[in-house]
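Report on the following structure.
Every read-out reported here was derived from the displayed coordinates using simple, explicitly stated rules and does not represent laboratory data. All values derive from a computational prediction rather than experimental measurement. Backbone-built Cβ (ideal geometry, glycine too); neighbour counts: all protein chains shown.
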């Protein structure tokens, strides 16, 4: 499923609005949730850091997954950095596809399997090295002629 987020900041009203849309049928998005935040509340969270901003943005009705909320927070930060913009109503759109999350997860699992093989190789290597060290030590103990 695809999700679209439209973030708009109305500087005249002092509001940030986030609208969440979901694709219920192909290329047709439906509004699922709309949250508005006062600029003062967002600015206070921004002063405390990104994690505080994320806590402020998330509500019982609006709780995007971690990957999405990170990107949403980045857009909010950029909207608030453009404080002196000539546009009184700045807006940005984000589009996410849940299928991308599964592809990334499969890649991570494949990489983990490859890494596991490498770790086993590393675990075997010290034993061989230790054996070679013992053989060398035995050779050194033999009296020279």
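Between residue 70 and residue 8, the modelled labels are 2.9 nm apart [label points 7 Å from Cα along Cα→Cβ].
What FRET efficiency, computed as 1/(1 + (r/R0)^6) with R0 = 22 Å and r the Cβ-Cβ distance, is obtained for residue 81 and residue 51, rounded to the nearest 0.05? It would help to have the intermediate numbers written out before the result.
On the way: r = 18 Å, r/R0 = 0.82.
Here the calculated transfer efficiency is 0.75.
Note on residue 61 and residue 27: their simple-model spin labels are 3.1 nm apart, each label 7 Å out from Cα toward Cβ.
The modelled label-to-label distance for the pair residue 34/residue 102, using points 7 Å beyond Cα in the direction of Cβ, is 3.2 nm.
Can you work out D for the range 2-98 in µm² s⁻¹ from Stokes-Einstein, where Rh is the Kirkwood radius over C-alpha pairs, the temperature is 37 °C and the viscosity is 0.692 mPa s? It would help to have the intermediate numbers written out before the result.
Values: Rh = 13.7 Å.
Using the Kirkwood radius from Cα pairs, D works out to 240 µm²/s.
Beta carbons within 10 angstrom, averaged per residue: use that to sort the peptides 22-28, 42-48, 72-78, highest first.
Details: 22-28: 10.0, 42-48: 15.1, 72-78: 17.9.
Ranking, from highest mean packing down: 72-78, 42-48, 22-28.
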